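Engineer: What follows is a structure written as structure tokens; I'll ask about it next.
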Amino acid sequence: MQLIQRQSRLTTEDVVRLIGTDPAHIAAVLSGSQFPSRHFALRFARACGADHHILLKVWDDEHKRRNPSSMHTADETPGEAAPSQ
């Protein structure tokens, strides 16, 4: 996700403003210490002008890798704040 942000030329503050989520959560996702929810990945891609279909495919693949017993994708990651509107 850091590469997507860099290519968008948006600062982390810009992404925080566009997505409307906690700056600490975005920092944790960008550092790789927290796996984002599918909804977060979608909003992040749209905010950065990336192809959300590709990012969600990568998200699905990584989610399956991390959760091999999961038969479906999760909508939320525990501990993530609900998105602001």
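The values are calculated or read from the model by the stated rules, or taken from the named source; none is laboratory data. Worth saying up front: this structure is predicted, and the values here are computed from it rather than measured. Because the Cβ atoms are built from the backbone with ideal geometry, glycine has one as well, and the counts that use them run over all protein chains shown. Side chains are part of the model used for accessible areas, which takes the heavy atoms of the whole protein and leaves out ligands, DNA and RNA. Shrake-Rupley method; radii C 1.70, N 1.55, O 1.52, S 1.80 Å.
Engineer: Does anything in region 43-59 have its amide N under 14 Å from the 7 Å Cα→Cβ label point of residue 9, and if so which residues?
Structural biologist: 49
Engineer: If you roll a 1.4 Å probe over region 1-65 with all protein chains in place, what percent of the accessible area is carbon or sulfur?
Structural biologist: 54
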